[in-house]
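The numbers here are math on the coordinates, done by the rules we state, and not lab data. Computed from a prediction, not measured in an experiment: that's the story for all the values here. All Cβ positions, even for glycine, are placed from backbone atoms using ideal geometry, and neighbour counts span all protein chains on display.
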Amino acid sequence: MAEQKQRSDEDSTVRKLLSSNLTWSVVALMALIVICTIFDHGFLRLTWNTNTGGLSGPLITMLQESARYLMIATGMTLVISTAGIDLSVGSVMAVSGAAAMQMLVSGINVWVAILLSLLIGLVIGSISGALVSILGLQPFITTLIMMLAGRGLAKVITSGQNTDASSIQGGAPLRWMANGFILGIPANFIIALVIVGLVGLITRKTAMGMMIESVGINPEASRMTGIKPKKILFMVYAISGLLAAVAGLFATASVMRVDVVKTGQDLEMYAILAVVIGGTSLLGGKFSLTGSALGAIIIAMIRKTIITLGIDSAATPAFFAAVVIVICVMQAPKIHNLGAEMKRRRTLKEQAKAVTA
Amino acid sequence: MSSAQAQAIKVKAKSFHRIDPQMIPTIAAVVIFILMLIMGQALFGTYARLGFFSSLLIDHAYLVILAVAMTLPVLTGGIDLSVGAIVAITAVVGVKMTMAGVPAPLAIVVMLLIGMAFGLLAGTLIEEFNMQPFIATLSTMFLARGVASIISTDSLTLPQNNNFHWISDEIKIIDNPKISNDFSINVGVIIAILVVVFGYMLLHKTRTGRTIYAIGGSVSSAELMGLPVKRTQYLIYFTSATLASLASIVYTANIGSAKNTVGVGWELDAVASVVIGGTLVTGGFGYVLGSVVGAMVRSTIDPLTSDFGVPAEWTTIVVGMMILVFVVLQRAVTAINEKE
């Protein structure tokens, strides 16, 4: 009897582990690392680079790249959990990056440049937030407009040029942010983790997270329980804009150059993908920051895998689209019901067998 | 004030009210189009010429087709973000085939088939797997763009003496002594007009059209009424993707070349046309003809901004602001309607 109970306990933990999205994310990450190691035996090698004062190796560059995805995925998670979407993150990245580079070139102090470009991201996010919350526009149309206008704004800021600030003196703090190391680990990855942690603390240790989720489930009902859905909506878009600006700084500072067309291009898709991988439903009402963070790292890892396997980089969007389609199909109620249906049939069959026996 | 006067005012107010308030954005779009033409004519003197209209029609026939294509999903409250990418993949495949010596009619059929396949995929994802339309078409957009990039990233040019030229050859309708006053169209424009007629007939003269409006009003009500929602949704995304490949044929024949980056942002141009033309982004209200006006407004922005000497970077901002203004206008009109 006791044995049986223990077994059922074990069963339930195993089942819990199997049903958790996080487990599958970790498995997927491991699988990708294994694939890369098979193709490139030196993939897991870590060396200490005395020039930069940090570790170096393929995994480290992957972590460095993942920082920007962590940022936009975190913002996107909050927005999606209110049943919205932020398609403008890629363009906001380009705007903030362009602003920072342009300010550096025109001789503005690096800290002022960082602050101002973060502020620009916050302002763009706030505009989307105001349009969605106060005017009640649809999120995807609003952020689609911001995506369009933001890309134009980035081009206006640099007058269509790809501003290069690599030769500018005094850009060191920004460069350190993207390429530096803290205790041997990439600084931008640590900064990103700290920010994700902060957002996690604010949302999960206070009622904020639940308020955001309740707005995602039913804004009218949440208003009646005393939550202010408009404020919450405004806030999530503003945060998403700010975090996208941080991501833009990471992306441009690593090469100290902004490419007004390519910086942040397609990244809204990556952010949505990271969120979906992390188990946050696109219908809103539920979110998992840990899941999205893992999702962001998986995105960086997929990109690394594509490079390691030597697949043409032009194929990347098709590859990601295939991943999104597979994940969304897996999440579809039809597939879930299919599993339940098969189980029901099996038990029916067993019963029939028992009866005939 | 005499009572007769007051009555007259009342009647006037009533007759003003008879115009459906939801028509206001469409009327505004027509007014804006005329104002743009007047402004262009007054400042630069080229906007009233027949030649201007010819080039407007010939150069933007593809946008008219895309606007009609986009109207269908937007009417149901959905969206098709994949149209631009479908233009890219069909253009690349079509030109690549022609370069390999495949006859043009076959290439055109293959282009249409590719569009249909993407439409079916989007429809399946939306209807069978409950994906939101914009996520489903966002993924087919990336898929189409990615496959186009895998096929080729070079700029491909149609070979000389290809059989596409019958689409782009200009037909003079009005032959003026002044060349800039010639009015000419090509088969591409005729195709676009046929597409508009098709869209109009589909939406206003068929049961499917009524079902599309019903879905836009409320999906669950449409289902409860026993309307074939699923079949109609399939048809909508199938049609919009097929029309996108048709737009690609017209555009490719005009330009004579193709690249994997062609059509970037065209889904936004199409959405802009539809929204400016007065179709509600929440679905349930709008016209194909409005979208055509929207497409004309969108196409006139380009020559106007370049004549004003506005840097090209600003165009996207202008278009973005324009969509925003119209969406806000729609929102205001809907709010007024609800109050009444």
(message) Take A:HIS41 and B:ARG231, extend 7 Å from each Cα along the Cα→Cβ direction, and tell me the distance between the two endpoints in nm.
(response) 6.3
(request) Quick one: which residues, 5+ away or cross-chain, put their amide H under 5 Å from the amide H of A:ARG257? H built at 1.01 Å from N. (result) A:ALA165
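Work out the FRET efficiency for A:ASP266 and A:ALA354 from their Cβ-Cβ distance, taking R0 = 56 Å, and round it to the nearest 0.05.
Efficiency, from the Cβ-Cβ distance: 0.50.
Rounded to the nearest 20 Debye, what is the dipole magnitude of the protein assembly as shown about its Cα centre when Lys and Arg each give +1 and Asp and Glu each give -1 at the C-beta? Walk me through the intermediate numbers first.
Numbers: 45 positive and 34 negative charges, 330 e Å.
So the dipole magnitude of the protein assembly as shown works out to roughly 1580 debye.
Which FRET efficiency value, to the nearest 0.05, do you get for A:VAL255 and B:PHE308 by plugging their Cβ-Cβ distance into 1/(1 + (r/R0)^6) with R0 = 41 Å?
Details: r = 35 Å, r/R0 = 0.85.
Computed FRET efficiency for A:VAL255 and B:PHE308: 0.70.
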(request) Report, to the nearest 10°, how far helix A:110-133 tilts away from the longest principal axis of the Cα atoms in chain A, using its own Cα long axis and a range of 0 to 90°. (result) 50
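Run the numbers on segment A:204-275 and let me know its relative contact order in percent, using alpha-carbon pairs under 8 Å that are six or more apart. Walk me through the intermediate numbers first.
On the way: 20 pairs, mean separation 12.2, N = 72.
Worked out over segment A:204-275, it gives 17 percent.
Please compute the contact order of chain B in relative form: average sequence separation of alpha-carbon pairs under 8 Å and at least six residues apart, divided by the residue count, as a percent. Walk me through the numbers on the way to the answer.
On the way: 538 pairs, mean separation 108.1, N = 340.
32 percent.
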(request) Give the residue from B:ILE276, B:ALA247, B:LEU106 lying farthest towards the positive end of the charge dipole for chain B; charges sit on Cβ (+1 for Lys and Arg, -1 for Asp and Glu) and the dipole is referred to the Cα centre. (result) B:ILE276
(message) Run the Debye formula on the Cα coordinates of chain B, all scatterers equal and no solvent, and tell me log10 I(q)/I(0) at q = 0.06, 0.12, 0.15 1/Å.
(response) -0.23, -0.88, -1.29
(message) For a bin width of 5 Å, list the pair-distance distribution of segment A:313-357 built from all Cα-Cα distances, rounded to whole %.
(response) 5, 19, 13, 13, 11, 10, 9, 7, 6, 4, 3, 2, 0
(message) Only four residue types carry charge here, +1 at the Cβ of Lys and Arg and -1 at the Cβ of Asp and Glu. Report the dipole size of segment A:294-347 about the Cα centre in Debye, rounded to the nearest 20.
(response) 400
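Give the value in nm², to one decimal: projected area of the alpha carbon convex hull of chain A, averaged over all directions. Could the numbers behind the result be given before it?
On the way: hull surface 96.0 nm².
Taking the Cα atoms of chain A, their convex hull projects to 24.0 nm² on average.
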(message) Placing one identical point scatterer on every Cα of the protein assembly as shown and ignoring solvent, what is log10 I(q)/I(0) from the Debye formula at q = 0.09 Å⁻¹?
(response) -0.86
(request) Towards the positive end of the charge dipole of chain B, with charges on Cβ (+1 Lys, Arg; -1 Asp, Glu), say which of B:VAL288, B:ALA117, B:THR316 has the farthest Cα. (result) B:VAL288
(message) Taking beta carbons within 10 Å but only from partner chains, what does the mean come to for residues B:276-289?
(response) 1
(message) I'd like the Karplus ³J(HN,Hα) series for segment B:145-151: coefficients 6.51, -1.76, 1.60, θ = phi - 60°, whole numbers in Hz, and an x wherever there's a Gly or Pro.
(response) 5, x, 5, 4, 5, 5, 5
(request) Using the charge dipole of segment A:54-310 (Lys, Arg: +1 at Cβ; Asp, Glu: -1 at Cβ; taken about the Cα centre), state which of A:GLN64, A:MET101, A:SER117 has its Cα farthest towards the positive end. (result) A:SER117
(request) Calculate how steeply helix A:2-19 sits against the longest principal axis of the alpha-carbon atoms of chain A, using the helix alpha-carbon long axis, and give the answer as 0 to 90 degrees to the nearest 10. (result) 40
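With an 8 Å Cα cut-off and a minimum separation of 6 or more residues, compute the relative contact order for chain A in percent. Each step should come with its number before you reach the end.
Numbers: 573 pairs, mean separation 106.1, N = 357.
Once normalised by length, the contact order is 30 percent.
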(message) Normalised by the empirical 2.2 N^0.38 Å for globular proteins, what value does the Cα Rg of segment A:57-155 take?
(response) 1.19
(request) Treat every Asp and Glu Cβ in chain A as -1 and every Lys and Arg Cβ as +1, leave all other atoms uncharged, and give the resulting dipole magnitude about the Cα centre to the nearest 20 debye. (result) 780
